[in-house]
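Structure first, then comments.
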Amino acid sequence: MKETIRCAVLGLGRLGYWHAENLVSKVKGAQLVSVVDPLEGRAEAVARELGVEKWSQNPNDIFEADDIDAVVIVTPTSTHAEMIKKAAKNGKQIFVEKPLTHSLDEANDVIETIQKHNVSCQVGFMRRFDPAYAEAKRRIEAGDIGKPIYFKGVSRDGNVPPEEFIKHSGGIFLDVAIHDYDIARYLMGQEISSITSTGNILMPSNKFMEKYNDVDQAITYFTFDSGAAGDVETMRIAPYAYDIRGEVVGTEGSIQIGSMRHHDVKILTTKGSSHDLIPDFPTRFKDAYLLEMVHFIDSLRKNERPSCTEIDGKAALEIAEAATKSFKLGETVNLSNKLLTL
C-alpha cells in the first residue's frame, strides 16, 4: 500500500475549497501539495489559510509537476475534457466533479485517453457515498426488498442559479437531474433504456431561462433494460428547504431514502409541532463529499479502481443528454446501452 497520495486541487470555488480543506485535515493518506485557481490572489489566499506549500494560477504547473500524484478537478464543466486529458497524459490520477464532460463525443475521447495512459478516474457523484444511500444499496443487494422494480427520485432546491450560470450549465437535466440518473443506475443495478422528459418555467422571475431553452421544474420518466421503471422530479424553486429523497420499490418491499428534517428534534408548543428543515446542499451532503474523497484516496493507496469511474460518468451523461433531447423534441428517446464497450 502506498502511504501518501500527493494531491493538487484545481478550481477553488465553494466545492473546490471544501475538497482542499478535507484533503488537508480529514483524509488519511492524502497530502495537499498545491492549489490552483485562475482568479488573481485566490490560490495564494487559500494556500496560506490551509497551510499548503504551493499555489498557482496555471493548471499546467500541476500537470507537469513531479511531486503530484493526483489531481482534483473542480473547474467549469467546459474545461473538464481538456483538464482530464492533460492529467492522464502526464500520469496523474484523476478525481473530477460531475459531469464528466459537456458531451458524449468529448466523453468518448476522454475515456480513450484515460484508458490509454492507464490512470484511475473517479467522477464526483457524491450521493453514492452518502450514508443513507450507501445503506440503501447494501440492503437492496442483500435482497431485503426482493427484486427492484421502480425508482423514484426527488431533487428540490430553492436556490435559483444566476443567469450567467444557467447560460453555461447545460440545462436542468445535465446540471441537476444527472445526480438522480446516476443514483438510479447505482441502486437499481440496471441500465436505463428509454427516457421521456418534460419541463416548465413556473416562476415569472425565471423567464430568462427561456432564451437558454432551460426550465426551473422538470419531470423525467424512464424504463430500465430489465423492464423496471422510474421517475425523477427536479426543481430549482422549492421555497421551503433543500429536499433530496429517493425510493426503490421491490417485489417484496420498499426502501425510502432521505428526509427533509435537519436535526432529529421536534418542537411541541401550544401552537402545534415543528421541526427544522435542511437549508442547502452543503448541509445535506457534507459527509458525502468527505467520504467520496476518502474513497478516492484509499483506492489510489491500494492501487484499486474507484467505484464510480469514467464509465459511470459517461452513462449518466448519456442519460442526461437523452433527457434534454426528449424535452426539446417532446418525444421518448431510446438509449444505446453500449456504455461498457470502451
For segment 80-202, Rg(Cα) over 2.2 N^0.38 Å is 1.23
Kirkwood hydrodynamic radius for segment 187-238: how many Å is it when counted over pairs of different Cα atoms? 12.4
Just give me a number: lysine pairs in segment 79-135, eight or more positions apart or cross-chain, with C-alpha atoms less than 13 Å apart. 4
D for the chain, whole µm²/s, Stokes-Einstein with Kirkwood Rh over alpha-carbon pairs at 37 °C and 0.692 mPa s: what number? 157
Residue by residue through segment 165-173, which ³J(HN,Hα) values in whole Hz follow from phi under the Karplus form 6.51 cos²θ - 1.76 cosθ + 1.60 (θ = phi - 60°), with glycine and proline marked x? 6, 4, 4, 10, 7, x, x, 5, 6
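Please state, to two decimals, what the Cα-based radius of gyration of segment 28-148 comes to when divided by 2.2 N^0.38 Å (N = residues). Could you put the intermediate results ahead of the total?
Numbers: Rg = 17.4 Å, N = 121, 2.2 N^0.38 = 13.6 Å.
For segment 28-148, the normalised Cα radius of gyration comes out at 1.28.
Using per-residue counts of other Cβ atoms within 10 Å, averaged over each peptide, order 317-330, 143-156 from highest down.
Descending mean neighbour count gives 317-330, 143-156.
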Ranked output for segments 201-210, 51-60 by mean other Cβ atoms within 10 Å, highest leading, reads 51-60, 201-210
Other-chain or far-sequence residues with amide H under 5 Å of Tyr150's (modelled H): Ala229, Val249
Interatomic Cα distance distribution for segment 153-205, bins of 5 angstrom, percent: 4, 14, 23, 26, 16, 10, 6, 2
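Computed from the coordinates by the stated procedures, all read-outs in this text should not be read as laboratory data. All of these numbers come straight from a predicted model, not from anything done at the bench. With ideal geometry, Cβ positions are generated from the backbone for all residues, glycine too; neighbour counts draw on all protein chains shown.
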